[in-house]
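The values are calculated or read from the model by the stated rules, or taken from the named source; none is laboratory data. Keep in mind that what you see is a predicted model, and the values were worked out from it rather than measured. Here the Cβ is made from the backbone with ideal geometry for all residues, glycine too, and neighbour counts use every protein chain on show. The area values use the complete protein model at the heavy-atom level, side chains included, leaving out ligands, DNA and RNA. Shrake-Rupley method; radii C 1.70, N 1.55, O 1.52, S 1.80 Å.
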Amino acid sequence: MSKGKHALFAALVVAAIAALTVATTAPARTDASAPIKAAWIYVGPHNDGGWSQAHDRGRLYVQKALGKKVVTTYKESVPEGPQASQVIDSLVRDGNKIIFATSFGYMDAMAAAAKKYPDVYFEHATGYKTAKNFANYFGAGEDAIYLSGIAAGAATKSNTVGYIVPFPIPEIIRHANAFALGVRLVKPTATVKLVWTKSWFDPAKERKAAESLAAAGADVIGQNVDSPAAGQFAQSKGLPWVGYNSNSQKFAPTSWLVAAVYDWGPYYLKRVRAAANGTWKTGSYWGSMADGFTLLSPYGPKVVAKTKALIATKRSQIVKGTFYEFQGPLYDQAGKLRVPKGKKMTLQQILTVDWLVKGIEGSAKG
């Protein structure tokens, strides 16, 4: 995972978003009688208890829905960057007609593969590049993360919440900002301390990050990384824990608060069906709470009725479009006004954000 180069990244994202209004159809499959083969590429283990496991549940959803009409497979713990190309090549050789790559660092390898294999459909989660046979997909996870931040804010007594984050890219920065805004809705003077692991999935680093945050005074732990290691530490110390990607309450039964999660299955089913019947089109999908793509897990025992009611109210407002967490006035860490009162950050702005909101302790550069 490369870091930095935010200006170039921002320019590319803006250009890509402008291009997303164009949707073209890739070549149709010719053998409609055979089951379509579909593959997924994961950055961590398929049973990591977080991000990759959530995607694998989506794969299983497709398998169950289509039965003998589909053959699904996955490759797990695939390094991001050039090494992913070898995995993609092998999946194409195995006859997969649609390939989903589920982490940001796979984007360039997928884009190159789309040029190399024009008769295969490629889809990439969390990226921004597209081509005739290459689409991307993600959604407003920050909305659900904001709501999970409310649960964290309600749980803190020390006014200090820890948040474990992987890489300093816009996706993670906007998620950290949303989490902090949720915390400070309930506790306006609270501090959210960041610890960067520089890894999507590293249980040892994640546990160590949780330990350091607790030592620094955090009495609630939240995360934007993939394993339940931080939650297991929180459980051992009796600290409330906010997860991410999956309902991981089984790892911390009494510490669990809630998690922002994604329902990947319906999207995957729609796209595999389209690839099978020749109606697949490129473009960019941006899911939301309104369409059921982003949502909250079940609550843990520490979330009280008053907090649930507040979260329900804010969720309803988000779905109706009457509330948006990234509406001004918003100030950055230095107290500079970034979003004036009454103004909302645009999709382009949140996709390229490189600054942290007031109340966060930590660097946007990692």
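Some values worked out for this structure:
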read-out	value
Angstrom value of the Kirkwood radius, inverse mean 1/r, which spans all Cα pairs in the stretch 181-287	15.9 Å
Separation of the residue 347 and residue 274 label points, Cα + 7 Å toward Cβ, nm	1.4 nm
Cα centroid separation, the stretch 185-202 to the stretch 300-315 (Å)	21 Å
Accessible-area composition of the chain, carbon plus sulfur, in percent [1.4 Å probe]	55 percent
Distance in nm between pseudo-label sites at residue 363 and residue 332 (7 Å out along the Cβ direction from Cα)	1.5 nm
Amide H contacts under 5 Å for residue 220, placed H, 5+ residues apart	162
Efficiency of FRET from Cβ geometry, residue 355 and residue 319, R₀ 30 Å, rounded to 0.05	0.65
DSSP-assigned coil residues among trypsin sites (Lys or Arg not before Pro) in the stretch 155-244, each with at most 10 further Cβ atoms within 10 Å	157
For the chain, accessible area per residue (1.4 Å probe, heavy atoms of protein chains only), Å²	41 Å²
Theoretical gain in end-to-end length, residue 281 to residue 33 [0.36 nm per residue, Cα-Cα removed]	87.2 nm
Loop-located trypsin sites (Lys or Arg not before Pro) in the stretch 318-364, at most 14 other Cβ atoms within 10 Å (DSSP)	336, 343
Inter-part distance where the stretch 215-268 and the stretch 26-95 are each reduced to a Cα centre, Å	26 Å
Pairwise Cα inverse-distance average, inverted: Kirkwood Rh of the chain (Å)	20.8 Å
Separation of alpha-carbon centers, the stretch 321-341 and the stretch 109-150, rounded to whole Å	27 Å
Long-range HN-HN contacts of residue 285 with modeled amide H, under 5 Å	136, 137, 138
Built amide H within the under 5 Å cut-off of residue 330, gap 5+	338, 339
Mean residue ellipticity (222 nm) of the chain, computed from DSSP H runs ≥ 4 via -39,500 (n - 2.57), nearest 500	-12000 deg cm²/dmol
